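So the structure is just underneath, and the comments pick up after that.
All of the numbers you see were taken from the coordinates with simple rules; none came from a lab. Nothing here was measured: the structure is a model prediction, and the numbers come from that model. Counting neighbours? That spans all protein chains shown, and the Cβs are built from the backbone with ideal geometry, glycine included.
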Amino acid sequence: MNIRDLRYLVSLADTRHFGRAARACHISQPTLSAQIRKLELELGIAIFERAKKSVVITRAGSAVIAQTRDALEQIDQIKMIANAYQDQMASDFRLGMIPTIAPYLIPYFLNPLSTEFPQLDLIVSESVTAELINQLEKHEIDAAIIATSVTDNNLRSITLFSEPFWLVHPSDHRFYHEDVIPLGELKNENLLLLSDAHCLSEQVRELLALNGPLVEHAFQATSMETLLQLVSTGRGCTLIPALALSGPYMTGMGLIAKPIAQEKALRQVSLVARHSYANSKSLANISRIIKQNLPNTVRVN
């Protein structure tokens with residue numbers, strides 16, 4: 001048994017397909033198959049059940065694969081500990097971000113981070129919260145910036161900032177002369193929401209539910225930009241987080257944004273990582289630089 005074979009094992013468990021796993025590992029499919037079979041013979045158990053087009057993990061295999069992930073994490077930590085005696089900020093850092101934060105937050109902190117740590121290679125990916133948590137558990141990313149609390153005991157959170165929700169309406173709307181919008185005034189508005197894949201949608205629903213049952217609308221957008229395009233054509237109003245106020249879709253579209261008179265009209269944004277992640281210096285420095293370069297529309301925690 002060697003480290004290489006353990007990585008082959010995890011790749012096959014993730015893809016459930018010999019061809020895709022072989023490509024991910026940059027080896028031939030027969031080589032991968034032979035190494036997995038060799039590992040099974042060495043352990044004396046079947047880790048996978050083979051089918052024509054896919055593989056199924058056995059009960060014994062599930063236990064082995066879970067332990068293998070932990071073992072590979074420890075091996076990676078050994079390398080990080082060694083690097084700690086060199087420079088923790090001169091390595092790759094894989095950061096996941098949710099779509100309702102990534103395009104608006106990145107412009108604030110990316111250049112300051114690169115200036116202070118020019119040798120840090122920040123690799124940013126974008127996905128919804130559930131997928132980011134899954135990627136953290138699979139060690140595919142090092143940390144994630146999300147806007148929901150985590151309940152997984154294997155994860156820890158560094159609170160970054162509180163982000164208020166703002167109401168966006170067309171310029172010819174009845175709210176035009178209002179400076180601040182009471183939450184109760186939204187009760188009868190046609191409020192457009194993101195799809196349920198986004199945590200923002202549920203957060204907005206919970207906020208609106210403070211005033212009683214919601215009136216649900218059939219249409220749900222897949223992106224913030226689509227929501228704002230619909231608002232600009234008079235289809236209704238929407239709620240967006242404060243960072244999005246600086247987005248390009250907020251200019252030249254006849255849109256007006258107003259704060260909401262409700263202290264619960266906000267979301268908490270955090271940097272989440274595994275407890276076992278060894279490069280705590282990177283986590284601390286990235287969270288520090290983000291906090292130091294935020295606009296005054298959010299509140300640093």
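Divide by every residue of the chain the summed helix terms, -39500 (n - 2.57) for each DSSP H run of at least 4, and state the resulting mean residue ellipticity at 222 nm, rounded to the nearest 500 deg cm²/dmol.
-12500 deg cm²/dmol
Once the piece of chain linking Glu73 and Thr159 is laid out straight, how much longer is it, given 0.36 nm per residue of separation minus the C-alpha distance between them?
28.5 nm
Rank Ile47, Ile27, Ile101 by mean-square fluctuation in a GNM of the chain with C-alpha springs under 10 angstrom and give only the top-ranked residue.
Highest fluctuation of the listed residues: Ile27.
Which value, in debye to the nearest 20, gives the size of the charge dipole of segment 163-266 about its Cα centre, when Lys and Arg are +1 and Asp and Glu are -1 at the Cβ?
140 debye
Specify the residue with the greatest mean-square fluctuation among Met97, Met224, Met253, computed from a Gaussian network of the chain linking alpha-carbon atoms under 10 Å apart.
Met253
Could you give P(r) for segment 3-84, binned at 10 Å from zero, as whole percent values over all Cα-Cα pairs?
18, 51, 24, 6, 0
Would you tally the net charge around Ser162, using a Cβ to Cβ cut-off of less than 13 Å, leaving Ser162 out, and scoring K and R as +1, D and E as -1?
+2
Where does each of 13-20, 135-142, 239-246 land if you order them by average Cβ count within 10 Å, highest first?
239-246, 135-142, 13-20
Where is the GNM fluctuation largest for the chain (alpha-carbon springs, 10 angstrom cutoff): Ala278, Ala71, Ala63?
Ala63
Taking 28 Å as the cut-off for C-alpha to C-alpha distance, list the pairs among Lys52/Lys138; Lys138/Lys264; Lys38/Lys138; Lys53/Lys138 that go past it.
Lys138/Lys264
Students often forget the sequence filter, so: which aspartates and glutamates lie under 20 Å Cα-Cα from Lys281 once same-chain residues fewer than 8 apart are removed?
Glu73, Asp76, Asp87, Asp92, Glu116, Asp121, Glu140, Asp142
Can you give the % of DSSP beta bridges in the chain that are antiparallel, to the nearest 5?
65 percent
If you take every residue apart from Ala51 with its C-beta less than 15 Å away from the C-beta of Ala51, what net charge results, scoring Lys and Arg +1 and Asp and Glu -1?
Overall, the nearby charge balance is +4.
I want the antiparallel fraction of DSSP beta bridges within segment 163-266, as a percent rounded to 5.
Of those bridges, close to 60 percent are antiparallel.
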